[in-house]
1. Could you tell me which of the residues 210, 179, 197, 188 is modelled with pLDDT of 90 or more and exposed (fewer than 11 other Cβ atoms within 10 Å of the Cβ)?
2. So in region 1-14, with the set limited to residues that are within 14 Å of the ligand (Cβ to nearest atom) and touching a helix residue (DSSP H, G or I) at 6+ places or on another chain (Cβ under 6 Å), which one is nearest to residue 114 (Cα to Cα)?
3. Kindly indicate the residue of region 15-35 that is assigned to a loop (DSSP other than H, G, I, E, B) and away from the ligand (no atom under 12 Å from the Cβ) and also surrounded by the most Cβ atoms within 10 Å (Cβ to Cβ) among those meeting that condition.
4. Restricting to helices (runs of 4 or more DSSP H) lying wholly in region 59-132: which have 2 or more residues that are within 16 Å of the ligand (Cβ to nearest atom) and at pLDDT 90 or above?
5. For residue 156, work out the one condition from (1) modelled with pLDDT under 90; (2) part of a strand (DSSP E or B) it doesn't fulfil.
6. Among the listed residues 38, 49, identify the single one that is touching a residue at least 12 places away in the same chain (Cβ under 8 Å), out of contact with any strand residue (DSSP E or B) (no Cβ under 7 Å at 6 or more places or on another chain), surrounded by 17 or more Cβ atoms within 10 Å (Cβ to Cβ) and closer than 14 Å to residue 64 by Cα.
Ligand code: CA
């Protein structure tokens, strides 16, 4: 069941929303204050959508929205705004909200907005899953898991593909060998850090013009590696 954070200080509105979300097959997580919402989110990181009231006793809904976005979360956010506050919509969308619902709203209206946003988020995920990553002469196709350099297909093992994906998703970021090991081999992998070095060396032979003087996949001395392009 998809978890939805419901931040609303007025208990009658909150229960109304909660009941309707449950009826539509969602799992509501309730919060009465902004801080409580952030706490609940910490223990339920799989919340996929948040309904945020604006006027609250502590920090307002915009601030909650801002903090969620500042952490890099891509969860769906719908602001619950008061009818008279036109400005809320603008501020809400500027702080990173996806949509807003004006109070008072009907159960049908609310669930329609929630369903629509959940659908949209799902579509975005699918697009990402099948997208192309481009960096310099390289194009990584994440749908068919292939890599091209200047239009030429390079044959990669699954591990090398995973490494390329990790680097191309993090251009310019120095990554430790530990981070690479966890990201590519998984946190359960008990292998040595040398495994990373060996695979990087093999990958360089495939992608670099001169593997002894790497131009793209560079070494960060005493730390790890970086996609330097
Ligand atoms: Ca309120």
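The values are calculated or read from the model by the stated rules, or taken from the named source; none is laboratory data. Keep in mind the model is a prediction, meaning the values are calculated, not measured. Please note: Cβ atoms are built from the backbone with ideal geometry, for glycine as well, and neighbour counts cover all protein chains shown.
1. That would be 210, the only listed residue that is modelled with pLDDT of 90 or more and exposed (fewer than 11 other Cβ atoms within 10 Å of the Cβ).
2. 6
3. Among residues in region 15-35 that are assigned to a loop (DSSP other than H, G, I, E, B) and away from the ligand (no atom under 12 Å from the Cβ), the one surrounded by the most Cβ atoms within 10 Å (Cβ to Cβ) is 26.
4. Because the criterion is at least 2 residues that are within 16 Å of the ligand (Cβ to nearest atom) and at pLDDT 90 or above, the helices (runs of 4 or more DSSP H) in region 59-132 that meet it are 61-70.
5. (2)
6. 38
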